[in-house]
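Report on the structure given below.
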Amino acid sequence: MAKKRLLRLSSALIALALCATCALADAWGLSFRDQGKPPVGNASPETLAQYDAAYLGDPAEPVIYLTFDAGYESGDTPAILDALAAHDATAAFFLTGNYLEKNPELVQRMVDEGHIVGNHTYHHPAMQDIRDRAAFARELQDLEALFTQITGRELDRYYRPPRGEYSAQNLEMAKDLGYRTVLWSLAYVDWVRDDQPTAEEAFSKLIPRIHNGAVLLLHATSATNGAILDQLLTRYEDMGYRFGTLDELFAA
């Protein structure tokens, strides 16, 4: 009988160990349940916080955190920067090595206008498949070095995994490198260059689903986003929202 109890206990401990990170999926996902309310992520804010990661701000505060991903330049970033300046809104731009190599003047403009520039990795690989710490670090540190070469400044220590794909080990490695991982609580399909949504389609996703503490992900490679951003920000302001920074998000 004692042996059976021991075997059951051992099995339970093994299951618990295997499930230590079961609250983390390998790709970020959201479930929208109530219009105007924050969605539920496939990892909880508490679980993510253990890794200095977040996808949502304070759900009691009417604040939106604007973030943009860009792996290349499509000609739409200047309009996006113009709209942000018109609203005195600070955003975070998550850039790849390709973007920095080919658009140093736009990177410098982001910095000069007070925006955060974060790390979207140098080569935009499937980071959850990288288990070697040196290889993982190289993806982030090579981008840091190029950013410093262009701007003379250190890169802001915010990281967004390409395509939202990650592992618990990835998040831990990013944390060990001094990074905070930024996921998102609202996005829409805006990245297909040859199949851009209409303005009406964009607003139908971005207005009803906005919520307190939203981390909004838009792609700077979207012609639609470049065209509608000024109006979108105006509509958010009319709804009572203000625009916060990632520094505020992680200070809360």
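Bear in mind that the values in this text are calculations on the coordinates, not laboratory data. Keep in mind it's a predicted model, so treat the numbers as computed, not measured. Methodologically, a virtual Cβ is constructed for each residue, glycine included, from the backbone with ideal geometry; neighbour enumeration extends over all protein chains shown.
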Calculated log₁₀ intensity ratio I(q)/I(0) where the Debye formula runs over C-alpha points of segment 148-209, q = 0.13, 0.21, 0.25, 0.29 Å⁻¹: -0.59, -0.90, -1.00, -1.17
Evaluated at q = 0.10, 0.11, 0.12, 0.18 Å⁻¹: base-10 log I(q)/I(0), Debye formula over Cα of the chain: -0.50, -0.59, -0.69, -1.51
Loop-located trypsin sites (Lys or Arg not before Pro) in segment 20-111, at most 12 other Cβ atoms within 10 Å (DSSP): Arg33
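Looking at segment 180-252, which trypsin sites (Lys or Arg not before Pro) are in a loop (DSSP not H, G, I, E or B) and have at most 14 other Cβ atoms within 10 Å? Display every interim value, and only then the final one.
Values: sites: Arg180, Arg193, Lys205, Arg209, Arg235, Arg242; in loops: Arg193, Arg209.
Listed in order of number, the matching sites are Arg193.
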Chymotrypsin sites (Phe, Trp or Tyr not before Pro) restricted to segment 174-245 and DSSP loop, no more than 11 other C-beta within 10 Å: none
Point-charge dipole on Cβ atoms (K/R +1, D/E -1) for the chain, about Cα centre, debye to 20: 1600 debye
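With all distinct Cα pairs included, what does the Kirkwood hydrodynamic radius of segment 83-150 come out to in Å, to one decimal, could you say?
It is 12.9 Å.
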